[in-house]
Amino acid sequence: MNDNPRENSDSIKRGLAIAKKMVGETVASAIEGSIGSTQFGAYRGEMAVDFVFGKLWSRPELDMRARSLVTLGILIALGQLGELKIHFMAAIRNGCTVREIEEVLYHSAAYAGFPASNSASHVATEVFREAGLID
């Protein structure tokens, strides 16, 4: 971390720890590098660490596993395939099983539509194959 006072806040520290657990060291390090940066768009990374990971994901009312399942459902409904690539593996790291994620995909077909569920299923298949979690 650098001398940026924002970087030393509790929610930033908590957010970085959660990000490392969810998305791995490489992605978390890239996000950490954005903290205090004046480069175009860099503040978005700081907002994610501070608010999304540091304040939202750390709330005690839902555990990380439950938050991952909710997040997957929302991202499927919104058709956010790029984010799903990250969040499918984050869900696994947060304790979700491949079968539970498969059920989210089935359930989303009824509420978000078959096209959204189908597109997300293709992404999940790709991600899980690359990770060696499915054949």
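Can you give the net charge of the other residues whose Cβ lies under 12 Å from the Cβ of Thr26, counting K and R as +1 and D and E as -1? Present the calculation step by step, with values, prior to reporting the outcome.
Details: positive: Lys20; negative: Glu25, Glu32.
Taking every other residue near Thr26 into account, the sum is -1.
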**Request:** With a point put 7 Å past each Cα toward its Cβ, work out how far Leu133 is from Ile86 in nm, to one decimal.
**Result:** 1.6 nm
**Asked** Using r as the Cβ-Cβ distance of Thr97 and Ala30, and R0 as 35 Å, what FRET efficiency do you calculate, to the nearest 0.05?
**Response** 0.80
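How charged is the neighbourhood of His122? Take every other residue with its Cβ under 12 Å from the Cβ of His122, and add Lys/Arg as +1 and Asp/Glu as -1.
Numbers: positive: Lys85, Arg129; negative: Glu126.
That sum, taken over residues with Cβ under 12 Å, equals +1.
What percent does the relative contact order of the chain come to when contacts are Cα pairs within less than 8 Å and at least six residues apart? Before the final figure, lay out the partial values.
Numbers: 154 pairs, mean separation 28.7, N = 135.
21 percent.
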**Asked** segment 39-69: which chymotrypsin sites (Phe, Trp or Tyr not before Pro) are DSSP loop and have at most 14 other beta-carbon atoms within 10 angstrom?
**Response** Phe40
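Using a Förster distance of 35 angstrom, determine the FRET efficiency expected from the C-beta separation of Ala109 and Phe51, and round it to 0.05. Provide the component values of the computation, followed by the final result.
On the way: r = 31 Å, r/R0 = 0.88.
Plugging the Cβ-Cβ distance into 1/(1 + (r/R0)^6) gives 0.70.
Coordinate-derived values only; no laboratory data. Here the structure is a predicted model, which means the values were calculated and not measured. Because the Cβ atoms are built from the backbone with ideal geometry, glycine has one as well, and the counts that use them run over all protein chains shown.
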